[in-house]
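Since the structure comes first, as structure tokens, the remarks are kept for the end.
The values are calculated or read from the model by the stated rules, or taken from the named source; none is laboratory data. None of the values given here were measured: they were computed from a predicted structure. With ideal geometry, Cβ positions are generated from the backbone for all residues, glycine too; neighbour counts draw on all protein chains shown. Just the protein is used for accessible areas: all its heavy atoms, side chains included, with ligands, DNA and RNA removed. Shrake-Rupley method; radii C 1.70, N 1.55, O 1.52, S 1.80 Å.
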Amino acid sequence: MDEEVECSILQCSGHLPQYFALPRRQSKASGCQKGWAGTLRCAVESDTATGAFLIPYFIALLFEGIPLLHLELALGQYLRKGSIGAWNTISAYLGGIGVASWMVSVLISLYYNTVLTWVMWYFINSFQEPLPWSVCPLNENRTGFNEECYESTAVNYFWYRKTLNITPDIAESGRLQWWLILCLAACWAIVYLCTIRGIETTGKAIYVTAIFPYLVLTIFLIQGLTLPGATEGLIYLFTPNLSTLKNPRVWLDAATQIFFSLSLGFGGLIAFASYNPTKNDCEKDAVTVAIVNSMTSLYASIPVFSVLGFKATTAYWDCLDRNIINIINEFDLPEESIMRQNYTSWISFLNSSYPEKIAGLKLKSCDLQEFLDQSVSGTGLAFIVFTQAIILMPGSQAWAILFFIMLFSLGLSSMFGNIEGVFTPLLELQIVPKSAPKELLSGIICLISFLIALCFTLGSGSYWIDIFDRYASSVPLLVIAFFEVIGVVYIYKINRFSKDVEWMTGRKLNLYWQITWRFISPLLLLIVFTAFVTLQLQKPPSYTAWNPKYEGFPMKEEKVYPPWVQAICVLLVALPCMCLPLAALFHLVKQKRRSKDPSLVPSEVFSCQGANINFSHPKE
Amino acid sequence: MLSSASQMHRMLSKYGLVSKQLWEIMHLCHITKCVKAQRMGQSRISILEQLLAEIGMIPIAENHPQMMNNLLSTQYAWDANEEYLFKAMVAFAMRRYSSKSTTQISNVLLCNVTDRVSFWFVVTDSSKNVTTVPGSEVEAAIRMNRNRINNAFLLSDKTLQFLKITSTLSPPVEPSTPVWLIVFGVVLCLIVAGIVFLIISGIRKHKKKNKESTERENLEEKVEVTLENGIPCEALDIKAGHVNGVFAADDERFTSL
């Protein structure tokens, strides 16, 4: 269906209503999907997933997320172009924003699919009884368990050794893990299947990937609330520990989380919005998408935290039980004399009467709060904490299968957005001839991405994914968003934009939009960006490595990135950001050359100064 | 502790095994307080009594290991009858191991039975004049018959623990092809089938469109021929229905302003 792509660009309004109905629902759905992915990511980075996180999250949403969302949706809907075309239209010097968005989408789709690979690996391993991450394998002479597994937990062992086969240092690349390569190929094949004809197939796939997670999450909610210890987890979620707000890292994470959650700055929103009819109420869309997104994040966090509470409670009980056994052994007390309830009174009694004995036992202090606070950073939440909790639930295979299918569909819908963000600008720039079938183009993109992503299946792959996650997906988005707001407000001039939006929605822009677009959002973005840079410069970036030979094993070893890795981090941040000045420079040079040669007629007339309202008829 | 030792003394004397040497050695048993048994527990089972005892082997030689017996009774109380059964099982194990039928129940001695059912036990050899069987032999015998002993007491390796006798863990059942490969194969087949289906349907649609567009081109040529004949409008009028259809179709392809 080539017509539908052409329509988006050529704006046939109303002749193909079914195509507009579908993408319209889809633009809402895609926003919600990103919201899901944001939940996944937020749930995944649980060191900030506490009750106090909700406060900076909502502030960032209000002053950064919703204004930017509205801006991008309105832009795409009005200009009827993808991100590169739209920014070229605003000002030829700002065309770099579109290119930067494209580059960010490319980087993210490269590494994001590897996370899906891990999810798929866990999914296909969930069909076994017992679950492979619940038991330790035996050592060679079968007298005990594998040492690495015994020292840490079976879940950790399965994640670090059986799945990642992780190397102790980022400089050691290790080998390609063939099982991960298989799963990666399958994941890219699924992505190809769903984006094979662009929006057409993606639109249908999104219906499944949008509805299914809601179902599974509801099931998990019901199950989670019936687990013991769930209430502790929920209380922990909703009681803010305000001291964490003093850490600027939390604010930073909230700001960057909003971007990922609402997929701002990726260019995908502009592309999706360009399929909408012109007179669509984009303001209502923006607010609806943002609210639905936050509500789903909140809704998703309830089962997550009840399961976390359950896991913490079980760990706490195990700790208590171990101590109780040690005490009963030592003092020859009858069984069931010390129970969990009277543990503290017994401990105080014994401490006063036999302090040396108690000290000799080396009891671990069991504190429920401490277990709840235990933060697992990175992808640890889904693959370590949750899998451990799933083992404890009855019928663990079914829960594991459901959970990983849900994660997979969440991640897949984010991938759609990313791939769309890669696909559409390529079509727009007409790098590929029109006659080439879309299937071929998407196939080539998927194949190239698969080959590049093979380097994430190395032994050190997960360290690289952490780097991409930390650097490629946070700072460039801030920069892009900043220039987006500045570009629209001060270069395109906000008054003109207000009139355009008014023409589309039929109402005047109210004060909230005016203030946030003019002052608050750019200011906030600038503050977050400078804070990020300052924090990064304060100490050299470090990472935690899984090293079985480390003395403190099973704690992870803190290491500093070697200089060449730091250079790559800087490159990841700089690459998209460089597009902005480079594109402006390129355009400047072109202008100068054209002004020197007056015979050449400038071909791009649409630098939009004084564009009329019927702007919906772009050049052919 | 002292009372149980004297009990032991009484028991030994009953069987005529007492000698001063043995008594002193027995005394040694409860003075050299050995490491308490570790109760490995699943405390979630309802426990009626818990028996933990310390068992030590009387050190005849330096390298005799100390054994501990650790019993967790889930369904029964530990009394003299259970002790008798235990002695019988140990005697049975010794008989099977060394295949000489001389070991009697009376040869197995328990001492230091505490409330938590842990005790030391010793196997004596009546044929060799009140010497004890070396620890390594007893160890090997019990290891060989561990399963039977466990089942006699309805316990497992975890709940009935002999110190110094580590159990050989059974390896998990490995199917010939790992399960995940099978699932992966199924998933991959589905994906490939979907891709092939979509590509083929795309190619077919493309071919149909090409055929339609060539048909349309043929019609257009006829129209052009008619247009070039004199007055286009009259020519159009004559060919009214035919031509209008083509033009109307063309119209819809353009975007309306």
**Request:** Please turn the phi angles of the stretch A:574-579 into ³J(HN,Hα) values with the Karplus equation 6.51 cos²θ - 1.76 cosθ + 1.60 (θ = phi - 60°), one per residue in order, whole Hz, x for glycine and proline.
**Result:** 6, 4, x, 5, 5, 4
**Request:** Please identify which residues in the stretch A:383-401 have an amide N closer than 14 Å to a label point set 7 Å out from the Cα of A:THR226, following the Cα→Cβ vector.
**Result:** A:393-396, A:399
**Prompt:** Shielding of A:173-182 by partners, i.e. mean partner chain Cβ atoms within 10 Å per residue?
**Reply:** 1
**Prompt:** Angle, helix A:438-453 long axis vs. longest principal axis of chain A, Cα atoms, 0 to 90°, nearest 10?
**Reply:** 40 degrees
**Prompt:** How much accessible area does A:ASP318 have with a 1.4 Å probe, in Å² rounded to the nearest 10?
**Reply:** 70 Å²
**Request:** Name all residues of the stretch B:118-157 having a backbone nitrogen under 12 Å from the label point set 7 Å from the Cα of B:ALA88 along its Cα→Cβ direction, giving them as ranges.
**Result:** B:152-153
**Prompt:** Considering the dipole of the stretch A:293-398 built from charges on the beta carbon (Lys and Arg +1, Asp and Glu -1) around the Cα centre, which of A:TYR316, A:GLY360, A:PHE349 is farthest to its positive end?
**Reply:** A:TYR316
**Prompt:** To the nearest Å, what is the center-to-center distance of the stretch A:239-266 and the stretch A:397-472, using C-alpha atoms only?
**Reply:** 25 Å
**Request:** Describe numerically, in nm with one decimal, the distance between label points set 7 Å from Cα along Cα→Cβ at A:GLU502 and at B:ILE203.
**Result:** 5.7 nm
**Asked** Given charges of +1 on the Cβ of Lys and Arg and -1 on the Cβ of Asp and Glu, with all other atoms neutral, how large is the dipole of chain A about its Cα centre, in debye to the nearest 20?
**Response** 2180 debye
**Request:** Report the calculated FRET efficiency for A:LEU361 and A:ILE448 (r = Cβ-Cβ distance, R0 = 41 Å), to the nearest 0.05.
**Result:** 0.10
**Item:** Area accessible to solvent at A:PHE127, 1.4 Å probe radius, in Å²
**Value:** 90 Å²
**Complete:** In the structure shown, of A:LYS162/A:LYS362; A:LYS434/B:LYS211; A:LYS493/A:LYS590; A:LYS364/A:LYS559; A:LYS246/A:LYS493; A:LYS204/A:LYS499, the pairs separated by more than 30 angstrom at the C-alpha atoms are A:LYS162/A:LYS362; A:LYS246/A:LYS493; A:LYS204/A:LYS499
**Complete:** Taking every residue of B:177-184, the Cβ atoms of other protein chains inside 10 Å of its Cβ average out to 6
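Ballpark to the nearest 100 Å², how much total accessible area do B and A bury together, probe 1.4 Å?
Approximately 3300 Å², summed over both chains.
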**Complete:** Counting all Cα-Cα pairs in chain A, those more than 31 Å apart amount in percent to 54 percent
**Asked** So what is the relative contact order of chain A, in percent, for Cα pairs below 8 Å that sit 6 or more residues apart?
**Response** 33 percent
**Asked** Going through the stretch A:288-357, which trypsin sites (Lys or Arg not before Pro) have at most 14 other Cβ atoms within 10 Å and a DSSP loop state?
**Response** A:ARG340
**Average accessible area per residue (Å²) across chain A - probe 1.4 Å, nucleic acids and ligands excluded** = 42 Å²
**Asked** What residues qualify as long-range amide H neighbours of B:THR132, i.e. H under 5 Å apart, gap of 5 or more or another chain, H built at 1.01 Å from N?
**Response** B:ASP125
**Item:** Cα-derived Rg to Rh of the stretch A:420-486, Kirkwood definition
**Value:** 1.09
**Complete:** So for R0 = 30 Å, FRET eff. of B:ARG96-A:GLU140 from the Cβ-Cβ r, to 0.05, ends up at 0.55
